[in-house]
Amino acid sequence: MSVLVVAAFALAWWLGCYLLARDPTRPLLHRAAAALLTYATGVACGLLAPYVDALPLATLEQVLLCVPPLAWAGVAVGLLAEDLPERRQIERGWALTSVLLLAMVPALPSPGRLVVLAPMIGAVVVLWRFRDGTRRRTLTGPLTVAAGLYAAALAVVLLPVDVGAHGLLLAALGLDLLILGFVAAVADADDAGERLRPDLRRSFAGALFAGLLAGGPTALALAAAEPSPALVALQLVAVVAAMVAVTVEGAVRRSLDRIAFFDDEPLRAEREALWLAADALPRRRERHRVGELDEEEFHRLTRRALQHFRDTGRLLRSPLADLPVVTERLLARGVPPEVPLARVTELRAVLREAVAALKPNGAYFGTTEDWRYYNAVYFCFVVGLRPYRRGGGADALDRDARRALEWFRRHVPERNVRLWQAVGARLVAERLWRQARAGGVARPATRDQERRHSAQNG
């Protein structure tokens, strides 16, 4: 049975690291990864508990197994529609409840620790309540079933009932959390307009090979010799190192390049560009599906592309890189459309021109009402200003960017900037949508459209 538990430990650690590496900026992935990694740490404590009497590892195992339901609730909340008015209050309630329960759980008796199931059950109920307003309705069912199975298995683990199958229960908990991680990965891929299966399959194959290579020798040693805490710990550390190395191989490659080619900046830049293109290929949506985008999804992907305007890796994976207008512009310049980085460069040019259409005429920079959408989108997305982040220097900025940075910090609340970004991004998306449907240059958005979008978003 220990083999099954070690397998569950390895898979949970791999998927948790994969979710973190997939997009480090996504809270939804952070929460699912937290559930998987805390479970894996709890399993490790349980595997070491029989050999270490000086530490309360069995108790620590129970406490760590109580963390995934809180993270599970966060994943369920993260699946709610972003424009849901109640979402901010629900997020705050989940965060506050989770902090309070995390502080209480270590002091509670084993049966009392089942209180951590309450936020998970409540979040699943809320997800069903607002299910019609989300694009991910099909994920609600699997998430609910897996949550129910996890709750049942955790109750058997924590209640004073000896069923004689502790290892099987731990493996069942791991299977439920693998479903949770997969649901989070599907939701993230859907949001980004990316493919999931090829990239996940590639990562799993690498994890399987690395896990067997790293953990196999210690597993044979454990089978041939008397188990000891040193051998068990060595096996767990080897598996952890293998899973981390597989999921963060991009960062490892970049670090090795900086060491090996420290004196050759052009070579490092070329290799970085090639690695970005190679990493993006398994996650790029099939080109023929770009024409199947509906208007609302096109608007959402345009806003995401604007948010990641300066991130080459994410733009490489964006479906907008395969827009017909991008292909036409490349052909007009005599550049092969099959070159991924050329597509990113042209997509940036298309987005920049659409953003420039929001700019009022007659001045380089202004702060009147006519300028608000352009300022919020251009300076925060295209230029990359972070007005409300501490430590953001203005030394490398031009005059207009410095003036914009000062204006945002002194006179514009962050909430207003987010509203203007939403409206401005939608205006950019509408322009590109009309351009794609008409096959020509679209006219700038009218003031009536701006007022209509402003009313819808605030």
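Brief remarks on what is shown
- Counting only residues that are over 30 Å from Arg284 (Cβ atoms) and of a type in the set (Asp, Glu), region 333-390 holds 2 of them.
- Of the helices (runs of 4 or more DSSP H) that lie entirely inside region 202-282, those containing 2 or more residues that are more than 23 Å from Leu57 (Cα to Cα) and free of Cβ contacts under 8 Å to residues at least 12 places away in the same chain span 249-260, 265-280.
- Selected residue (only one of Ala273, Ala321, Ala305, Ala277 is farther than 23 Å from Tyr18 by Cα and aliphatic (A, V, I, L, M)): Ala321
- Scan of region 398-419 for residues that are open to solvent by 40 Å² or more (accessible area, probe 1.4 Å) and not basic (Lys, Arg), ordered by number: Asp398, Glu406, His411, Pro413, Glu414, Asn416, Leu419
- Top-ranked residue of region 19-43 - restricted to ones that are over 29 Å from Pro229 (Cα atoms) and not hydrophobic (A, V, I, L, M, F, W, C), ranked as surrounded by the most Cβ atoms within 10 Å (Cβ to Cβ): Arg31
- Annotation: Glu430 fulfils all but one of (1) closer than 23 Å to Thr302 by Cβ; (2) of a type outside the set (S, T, N, Q); (3) open to solvent by 70 Å² or more (accessible area, probe 1.4 Å); (4) modelled with pLDDT of 85 or more; the unmet one is (3).
- Any hit, region 334-344, residues being within 19 Å of Ala425 (Cα to Cα), at pLDDT 90 or above and surrounded by fewer than 16 Cβ atoms within 10 Å (Cβ to Cβ): no
- Failed criterion for Leu385 (all others in (1) at pLDDT 85 or above; (2) assigned to a loop (DSSP other than H, G, I, E, B); (3) open to solvent by 80 Å² or more (accessible area, probe 1.4 Å) hold): (3)
- Some residue of region 142-152 being at pLDDT below 95 and under 18 Å from the mean Cα position of the chain (by Cα): yes
- Test for Leu316: is it in contact with a Leu (Cβ under 9 Å, 6 or more places away or on another chain), open to solvent by less than 10 Å² (accessible area, probe 1.4 Å) and part of a helix (DSSP H, G or I): yes
- Residue selected from region 388-435 under the condition of a type in the set (Gly, Ala, Ser) and not in a helix (DSSP H, G or I), by the criterion nearest to Pro324 (Cα to Cα): Ala396
- Residue check for Ala187: in contact with a Gly (Cβ under 8 Å, 6 or more places away or on another chain) and either open to solvent by less than 40 Å² (accessible area, probe 1.4 Å) or within 18 Å of Val43 (Cα to Cα) (or both): yes
Every residue, every condition in (1) small (Gly, Ala, Ser); (2) open to solvent by 20 Å² or more (accessible area, probe 1.4 Å), yes or no:
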site	(1), (2)
Gly193	yes, no
Arg197	no, yes
Ser228	yes, yes
Glu249	no, yes
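- Test: residue in region 326-335 that is at negative phi and touching a residue at least 24 places away in the same chain (Cβ under 8 Å): yes
- Test: residue in region 291-305 that is open to solvent by 20 Å² or more (accessible area, probe 1.4 Å), closer than 24 Å to Val412 by Cα and modelled with pLDDT of 90 or more: yes
- Among the residues examined, Asp162 does not qualify as exposed (fewer than 14 other Cβ atoms within 10 Å of the Cβ) and either modelled with pLDDT of 95 or more or assigned to a helix (DSSP H, G or I) (or both).
- Every condition in (1) within 16 Å of Leu173 (Cβ to Cβ); (2) at pLDDT 90 or above holds for Leu47 except the one numbered (2).
- Region 109-150 - residue that is open to solvent by less than 40 Å² (accessible area, probe 1.4 Å) and not in a helix (DSSP H, G or I) and, of those, nearest to Gly181 (Cα to Cα): Arg136
The values are calculated or read from the model by the stated rules, or taken from the named source; none is laboratory data. Keep in mind that what you see is a predicted model, and the values were worked out from it rather than measured. All Cβ positions, even for glycine, are placed from backbone atoms using ideal geometry, and neighbour counts span all protein chains on display. Note: accessible area is taken over every heavy atom of the protein model, side chains too, but ligands, DNA and RNA are not part of it. Shrake-Rupley method; radii C 1.70, N 1.55, O 1.52, S 1.80 Å.
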